[in-house]
Structure formats: C-alpha cells, structure tokens
1. Report, ordered by the first and then the second residue, all pairs with beta carbons closer than 7 Å, sequence separation of six or more or different chains, a first member in region 60-87 that is outside any helix (DSSP H, G or I), and a second member that is surrounded by 10 or more Cβ atoms within 10 Å (Cβ to Cβ).
2. Being among the polar types (S, T, N, Q), open to solvent by 50 Å² or more (accessible area, probe 1.4 Å) and within 10 Å of the chain's Cα centre (by Cα) is the filter here; which residues of region 20-55 pass it?
Amino acid sequence: MSVALVHRPSMTLEAFATAGGVHPLFVTRLVQLGLLEPVAGVFPHSQLARLARIRRLHATLPLNYAAVGVVLDLLARIDDLEEQLRRRPWT
C-alpha cells in the first residue's frame with residue numbers, strides 16, 4: 001500500500017491570517033507574544049491549529065494572551081507525559 005504525500009507550502013502572514021479568520025495585525029501580536037512561530041518569515045500549516053487553540057482558549061476561559069501561552073505550554077507537557085506513559089513497558 002502506498003500513500004501519496006502532499007507538500008503544503010507555508011503561508012505568508014496575510015494568507016495565514018485569512019485562513020485563520022483573523023486580522024494580520026492580530027497574528028503579528030501573537031508572534032510578538034511568542035504564541036505563534038513563523039519559520040523564515042512564513043507560517044507552516046500546523047500553526048493554523050495552534051491559532052485555533054489560542055482563540056478557543058481565550059474565548060472560553062478568562063485568560064489574557066500571556067496566560068494562554070502558559071496553558072499551551074502545560075498542555076504540551078501533558079501530551080509529552082501521556083506519550084511517555086503509553087510507551088512505557090509495564091512490568
């Protein structure tokens with residue numbers, strides 16, 4: 001069985017903002033806060049999911065964007081720990 005891999009090119013700031021449904025200045029602010037990380041000046045498609053998570057956390061919890069960054073770090077750490085538990089051989 002073969003799987004075709006599709007290369008998704010990175011997006012410019014404007015294209016990323018449009019795809020994420022936000023203003024480019026908002027994206028720039030999130031980059032300044034360290035919540036989004038462009039690579040060589042463009043945004044990989046994977047950052048769209050992160051943008052959606054940032055917006056969802058800010059909308060549903062009484063958090064400012066700096067606190068959202070802390071929550072994102074904690075969620076990433078939880079994901080890492082859960083993955084370590086899944087790989088751990090139980091004796």
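The values are calculated or read from the model by the stated rules, or taken from the named source; none is laboratory data. All figures in this text were calculated on a predicted structure; none of them were measured in a lab. When we count neighbours, we look across all protein chains shown, and the Cβ atoms used for this are built from the backbone with ideal geometry, even at glycine. All accessible areas refer to the heavy atoms of the entire protein, side chains included, with ligands and DNA or RNA removed. Shrake-Rupley method; radii C 1.70, N 1.55, O 1.52, S 1.80 Å.
1. From region 60-87, the pairs are 63/57; 63/71.
2. 46
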